[in-house]
Ligand code: DX5
Ligand code: ZN
């Protein structure tokens, strides 16, 4: 049953081979491609920025879901629109004006997402739900792939209730694997990011492992 979307995070891909890695996960059934942007400031790790994301674009035939773990966000929104992001997600902890940020993301022609760190309550996005297309619930403290899942099922249930009949995705990011995926899906999540759980054991030479991993989540 695939009403749940799987968004592999290319944070766990071969960094020397992003184009082929993206093609491989899409061929193996990925619904979206999740792109983790880190600035070494909002989170203690550094990945890539707009020029790299722009280079990914022609390889992504599905949806390019860009997760910004950066602060500030607003000066870079246009650059990610130009790079071809379909969804641009900013953290509610990244600055005092998330409302303005979400408006600016939509004004630039993208879907707008808002992400919450594990320590941040659901209520922080309650007044933003009409401005957002996706709420990303972090189930690890952001910065690295391969961390242990933190149970946020209460927060997910609460958000699903607050969202009501609005067309807002709940995306889960961090520690999603075949054990944790059913828990978050039952709580109301409909998009599951998975990095290590999708890429482990596979490669562009052996992509069928990616497919097995995606189907197992
Ligand atoms: C964490 C990133 C995640 C990460 C998930 O900071 O936002 O997208 O890649 O990796 P796994 O699935 O390995 O926990
Ligand atoms: Zn992410």
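FYI, it's all coordinate maths here, none of it is from the lab. Note that the structure is predicted; figures quoted are calculated from it, not measured. Here the Cβ is made from the backbone with ideal geometry for all residues, glycine too, and neighbour counts use every protein chain on show.
Here is how the numbers come out for the structure above:
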read-out	value
Potential extension, residue 204-residue 186 segment - 0.36 nm per residue separation minus Cα distance	3.2 nm
222 nm mean residue ellipticity, helices alone, for the chain (DSSP H n ≥ 4; -39,500 (n - 2.57); rounded to 500)	-8000 deg cm²/dmol
Percent antiparallel among DSSP beta bridges (both partners in the chain, rounded to 5)	5
Ranked 9, 208, criterion: other C-beta atoms within 10 Å, fewest first	208, 9
Translational diffusion coefficient (Stokes-Einstein; Kirkwood radius from C-alpha pairs) of region 1-67 at 4 °C, 1.567 mPa s, in µm²/s	104
Selected from 33, 137, 73 as most flexible by GNM, with the chain as the system and alpha-carbon contacts under 10 Å	73
FRET efficiency, residue 148 to residue 20 (Cβ-Cβ, R0 41 Å, nearest 0.05)	0.90
Kirkwood hydrodynamic radius of region 91-217, from inverse mean 1/r over distinct Cα pairs, in Å	15.4
Isotropic mean projected area of the C-alpha convex hull, region 28-70 (nm²)	3.2
Fewest-first sequence of 192, 68 by Cβ atoms within 10 Å of each Cβ	68, 192
The chain: C-alpha gyration tensor shape, a/c 1.5 cut-off, then a/b vs b/c	oblate
Where the Cα pairs of region 154-217 fall when distances are cut into 5 Å bins, in %	4, 18, 25, 18, 14, 11, 6, 4, 1
Overall Cα dimensions of region 34-107 - principal axes, largest extent first, Å	34, 29, 17
Inter-probe distance in nm under a simple model that places probes 7 Å from Cα toward Cβ, at residue 79 and residue 45	2.1
